[in-house]
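Report on one structure; see the data block that follows.
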Amino acid sequence: MIAIASLAGFVLAVATLLTTQTVQAQDTEPSEIVGYSILGQDDAGPFNIQVQVSPPIPIVGISRFAVRIVDRETGEDVGDARVQIFGTPSEEGERQYSPALNSPFDPIFYLAQLDLENEGVWAIDVRVESELGEGVTVMSLQVRPRVRSGTGSGWGTALFLLVSASFAGGVAWLWYSSKKARARRIRNS
């Protein structure tokens, strides 16, 4: 009986140790949101700023950003900051702006979206202000053009041609069938 109790105590102690190490590792590692990719992470003023973007490979149109702000001294997430995101195209187009807001239900991530209307390289400026101070970081983002297939590999074009050929074949078959039926009616009359 003592051996079983000792074994149960040992298993419980190991499980508790593994659980606390997993929780500590999750707190210190950058967490990526599903459907986003990490654009970059930078120290700016009293903050460590992590920026994530969705879609993971940005294309022309609306892109969503998630910003995580951590106090560099304590390692704690900052949930009461004023966060602004600017997107500036390198070649042509206008600078975009959006405030990034967090929620009481998820105070860790500040969310924003920008309409990145041109392909090419964009500078993404993130400005953070809180009672700890101010911090600014700039990251570059490559925005790809929109293409029919989504990947530019030719599969979308091949599918379009297959559907078009099927449609044209259907029209040709209807024309041929109606011509044969009309010739039969004329012969039988």
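The values are calculated or read from the model by the stated rules, or taken from the named source; none is laboratory data. It should be emphasised that the depicted structure is a prediction, and the values quoted were computed from it without experimental measurement. All Cβ positions, even for glycine, are placed from backbone atoms using ideal geometry, and neighbour counts span all protein chains on display.
Out of Ser90, Ser31, Ser103, report the one residue that is over 21 Å from Thr137 (Cα atoms) and modelled with pLDDT under 90.
Ser103
Could you please find all residues in the range 33-49 being crowded, with 16+ Cβ neighbours inside 10 Å and polar (S, T, N, Q)?
Asn48 - this is the single residue of the range 33-49 that is crowded, with 16+ Cβ neighbours inside 10 Å and polar (S, T, N, Q).
I need the full set of residues from the range 55-78 which are buried (at least 18 other Cβ atoms within 10 Å of the Cβ) and among the small types (Gly, Ala, Ser), in order please.
Ser63, Ala66
Among the residues of the range 60-78, which ones are of a type in the set (D, E, K, R) and in contact (Cβ under 8 Å) with a residue 40 or more places away in the chain?
Arg64, Arg68, Asp71
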